[in-house]
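The values are calculated or read from the model by the stated rules, or taken from the named source; none is laboratory data. This one's a predicted model, so the numbers in the text were calculated from it and none came from an experiment. So basically every Cβ, Gly included, is an ideal-geometry build from the backbone, and we count neighbours across all protein chains shown.
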Amino acid sequence: MISTTLLTIPASVWWSVSALAALVTAGTAMRAAVSTRGSTAVPATLWAIAACLSLALDTGLRASGAISQPSAAASLRMVTAALSLCPAMSLLGAKRPQHGVWQFIVAALAVILLLPTLATALVRPDSVPDAHLLGRGFVVILSLVGWMNFVATRHGPAATLVTLGQLVVVRGFLPLVDSEQAFPPTASTAAPMAAAIDCLGGCLAAVGGLLAMTSSLSSLSSTRRRPSLA
């Protein structure tokens, strides 16, 4: 009964909440960028901000009804998927002195992942881009790589929530998943369910980001208290 009630909520409401959640996550990433300034982790936080803003734009356009075609919906979500993998890839090369140049490799990876979208736009503009199996595998692998970087730290729970949210949001590009069914037209009967799932993913990532920020602030506060207690 609960699921039936939830599906009576318009898709635009779910997508509006998703956009808000993405902006919250972007805010936590901005806070992380400030707290890690001067370190090699800053580029990863900037990639994360870009991915969050892309998702906010994506879901915001869906909520407004500006995106009605499955091809446009899937293409925009593929941009979000490609950007969401960049933070993990950026951390793999977060070592001085090559960390700056490494970002060009990260950008190249994003472009490679977007090739199906570019090819579809040129050859079959009204078709849903079909991600190659290799690209779908990269989505899973790099998502897990990002999670494994933090799972054994105090940010483990936050990383788990963010990774789960990420995989939910980009579910249409996971192995054995039909992109067209995962991202239906905004006016279709399947839109409320897809929007609710998007909302779940966005909220998981937002809660994870807030949890990570709270953990970092708590750790910083503890560090500042120690000299006064000595």
Select from the stretch 167-214 the residues that are modelled with pLDDT of 85 or more, in a loop (DSSP other than H, G, I, E, B) and among the hydroxyl-bearing types (Ser, Thr, Tyr) and list them in ascending order.
none
Inspect the stretch 86-93 for any residue being touching a Ser or Thr at 6+ places or on another chain (Cβ under 9 Å), over 25 Å from CYS203 (Cβ atoms) and surrounded by fewer than 18 Cβ atoms within 10 Å (Cβ to Cβ) and give the result as yes or no.
yes
Select from the stretch 140-170 the residues that are within 23 Å of LEU114 (Cα to Cα) and more than 11 Å from the chain's Cα centre (by Cα) and write down the one among them that is surrounded by the fewest Cβ atoms within 10 Å (Cβ to Cβ).
ILE141
With criteria (1) farther than 26 Å from PHE183 by Cα; (2) under 13 Å from the mean Cα position of the chain (by Cα); (3) surrounded by fewer than 21 Cβ atoms within 10 Å (Cβ to Cβ), ILE49 comes up short on (1)
Of the residues TRP147, TRP102, TRP47, only one is farther than 25 Å from MET193 by Cα and at pLDDT below 90; which?
TRP102
Any residue in the stretch 48-73 that is in contact (Cβ under 8 Å) with a residue 12 or more places away in the chain sitting within a Cβ distance under 7 Å of a residue that is among the aromatic types (Phe, Trp, Tyr)? List the pairs, counting only those 6 or more apart or interchain.
THR59/TRP15; ARG62/TRP15; ALA63/TRP15; PRO70/PHE183; ALA73/PHE183
Restricted to the stretch 63-74, and to residues that are at pLDDT below 85 and crowded, with 18+ Cβ neighbours inside 10 Å, which residue is farthest from ILE141 (Cα to Cα)?
ILE67
So PRO184, is it more than 18 Å from the chain's Cα centre (by Cα), closer than 24 Å to SER12 by Cβ and not polar (S, T, N, Q)
yes
Result of the Cβ filter at 6 Å on the stretch 12-24, keeping first residues that are over 20 Å from ALA48 (Cβ atoms) and partners that are buried (at least 19 other Cβ atoms within 10 Å of the Cβ) and among the small types (Gly, Ala, Ser), at least 6 apart or interchain, is SER12/ALA63; TRP14/ALA195; TRP14/ALA196; TRP15/ALA63; TRP15/ALA195; SER16/ALA63
